[in-house]
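Some notes on the structure that comes next.
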Amino acid sequence: MQQKKTAAIVVSAGAGTRAAAYGDPDTPKQYHRLAGRLVVEHCLEKFATHPEIDLIVLVIRPQDREFVQKNIALPDGVQVILQDGGAERDLSVKAGLATIPENFHLVLIHDAARPLVSHALISEVLTALRDHQGAAPALPVTDALWRGADGTVQDTVSRENLWRAQTPQGFHLSFIRSAHARATARAADDVEIARLAGADVRIVTGSENNIKITHPADFSRAEQLLKEEAEQTMDIRTGNGFDVHKFGQREDGANDYVVLCGTRVPHSQGLLGHSDADVGMHAISDAIYGALSEGDIGRHFPPSEAQWKDADSQIFLKHAVGLARNRGFSISNIDCTLICEFPKIGPVAGAMQNRLSEITGIAADRISVKATTSEKLGFTGRGEGIAALVTTTLISQ
């Protein structure tokens, strides 16, 4: 299955005049320094280091191109395209959308004035896009709201069901392109454009730290938040998983194939086990559990319980991945080695990577499936079964 490629548009084409008192009044706020870097550089770094972002489009004012090329350190590891924007925000977004290649499926649209966007928030928006045409972070309004005129309170506005919108706002690329092409009037943001085109947009819980720098005082707050963020040591964990299943005649009659890494592979015998005996997926799950100090599959899905008899092993893997995300970790990579004389793994390794990517939500190019033999030694060498050895890396978000 083709991996859904994701692009991020960082909209940096505004004049930013309300924050002018902080520095040079002729310099837009996104190009002011914040904790040693330009505001927009913080945004670019967050998207460039997220494992699911494959392309960044930085939309700028045409007159800022020379400044950007001379002063902004574009991140390594992901392609960054500079695109001239328009006179209004929606025109800038439309220009950014037109730059993204046709083989991309998802897009996140982010304001350059929000330098504290987190990996966790990016992941939450992308997860919501699995079931919705659009998704965006927001926070519920908690303060009392007034409507005023001439400096006096005229009315109180109910805050029920009111939300404070944030970015990144995510969409299926083809849909939001079409929505922008059909838009006939200015809109508050991309969510409004999407909704006018009939999209269902999921609200993802935003972050109080994901502030938009608008006024000079916002720089001081952002500086403090970035200082606190830098003081937090990144938690990088490595987990190992190992599993073995032997060949034999299965009770469920599935004896003309084996299931490896979620993929059916033709074979003369099945693999025996309490579940579907997917040795690869079991080892991957155990590696994730191990990195989290959460034991192994048996702790979470005891083989003594009949409900897990012949269970699809993706249940176990999805649970492990969900547990990692709930604990604040993203899975940086999975390296799986299958040890067997047969069946031959090479011809189906790519399909296994794509299937694991589909189940876990991790980019296929961060998943490795390979095979080796034991040179005719031991039970795998005698063709009695298959073993799997997995290493995975988890990074705190």
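Does VAL279 count as among the hydrophobic types (A, V, I, L, M, F, W, C), surrounded by fewer than 21 Cβ atoms within 10 Å (Cβ to Cβ), in contact with a strand residue (DSSP E or B) (Cβ under 6 Å, 6 or more places away or on another chain) and closer than 20 Å to HIS245 by Cβ?
So VAL279 does not fit the description; no.
Hey, can you tell me all the residues within segment 287-303 that are closer than 12 Å to LEU323 by Cα, in a helix (DSSP H, G or I) and touching a residue at least 24 places away in the same chain (Cβ under 8 Å)?
ILE288, TYR289, GLY290, ALA291, listed by residue number.
Of everything in segment 379-397 that's within 22 Å of ALA287 (Cβ to Cβ) and outside any strand (DSSP E or B), which residue is farthest from the chain's Cα centre (by Cα)?
We begin by selecting, within segment 379-397, every residue within 22 Å of ALA287 (Cβ to Cβ); these are 379-380, 385-397.
Then drop every residue that is not outside any strand (DSSP E or B), which leaves 379-380, 397.
Working: PHE379: 40, THR380: 37, GLN397: 11 Å.
Ranking the candidates gives PHE379 first.
If you scan segment 181-191, which residues turn out to be in a helix (DSSP H, G or I) and surrounded by fewer than 18 Cβ atoms within 10 Å (Cβ to Cβ)? Please lay out each step first, then the result.
Going through segment 181-191, the residues in a helix (DSSP H, G or I) turn out to be 181-182, 190-191.
Matches in segment 181-191: ALA181, ARG182.
Restrict the check to segment 222-237 and report whether at least one residue is outside any loop (DSSP other than H, G, I, E, B) and among the hydroxyl-bearing types (Ser, Thr, Tyr).
No.
Here is a yes/no grid of residues against (1) of a type in the set (A, V, I, L, M); (2) part of a loop (DSSP other than H, G, I, E, B); (3) over 16 Å from HIS132 (Cβ atoms); (4) at pLDDT below 95:
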| site | (1), (2), (3), (4) |
| --- | --- |
| ALA179 | yes, no, no, no |
| ALA194 | yes, no, no, no |
| ARG202 | no, no, no, no |
| ASN210 | no, yes, yes, no |
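Residue-by-condition table, conditions (1) closer than 29 Å to ILE395 by Cβ; (2) out of contact with any strand residue (DSSP E or B) (no Cβ under 8 Å at 6 or more places or on another chain):
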| site | (1), (2) |
| --- | --- |
| GLU223 | yes, no |
| THR238 | yes, no |
| PHE242 | yes, no |
| HIS245 | no, no |
| VAL258 | no, no |
| GLY262 | yes, yes |
| VAL265 | no, no |
| SER268 | no, yes |
| LEU271 | no, no |
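Sort out which residues of segment 39-88 are within 26 Å of the chain's Cα centre (by Cα), outside any loop (DSSP other than H, G, I, E, B) and not aliphatic (A, V, I, L, M), and write them in order of number.
GLU41, HIS42, CYS43, GLU45, LYS46, PHE47, GLN79, GLN83
If the Cβ limit is 6 Å and pairs must be 6+ apart or interchain, which residue in segment 379-395 that is more than 17 Å from GLY262 (Cα to Cα) pairs with which residue that is of a type in the set (Lys, Arg)?
GLU384/LYS246; GLY385/LYS246; LEU394/ARG237
Could you check segment 98-170 for strands (runs of 3 or more DSSP E) lying wholly inside it with 2 or more residues that are surrounded by 21 or more Cβ atoms within 10 Å (Cβ to Cβ) and modelled with pLDDT of 95 or more? Explain how you work it out, then say what you get.
Details: elements: 106-111, 134-140, 145-149, 152-157, 163-165.
Hits in segment 98-170: 106-111, 134-140.
Only residues that are in contact with a helix residue (DSSP H, G or I) (Cβ under 6 Å, 6 or more places away or on another chain), under 11 Å from PRO137 (Cα atoms) and not basic (Lys, Arg): list them for segment 169-218, please.
GLN169, GLY170, VAL201, VAL204, SER207
SER220 passes all but one of (1) small (Gly, Ala, Ser); (2) in contact with a Cys (Cβ under 8 Å, 6 or more places away or on another chain); (3) farther than 30 Å from ALA364 by Cα; which number fails?
(2)
Name the single residue, out of those in segment 89-142 being within 16 Å of the chain's Cα centre (by Cα) and among the small types (Gly, Ala, Ser), that is nearest to ASP54 (Cα to Cα).
Within segment 89-142, the match that is nearest to ASP54 (Cα to Cα) is SER123.
The values are calculated or read from the model by the stated rules, or taken from the named source; none is laboratory data. Here the structure is a predicted model, which is why all the values come from computation and not from measurement. Backbone-built Cβ (ideal geometry, glycine too); neighbour counts: all protein chains shown.
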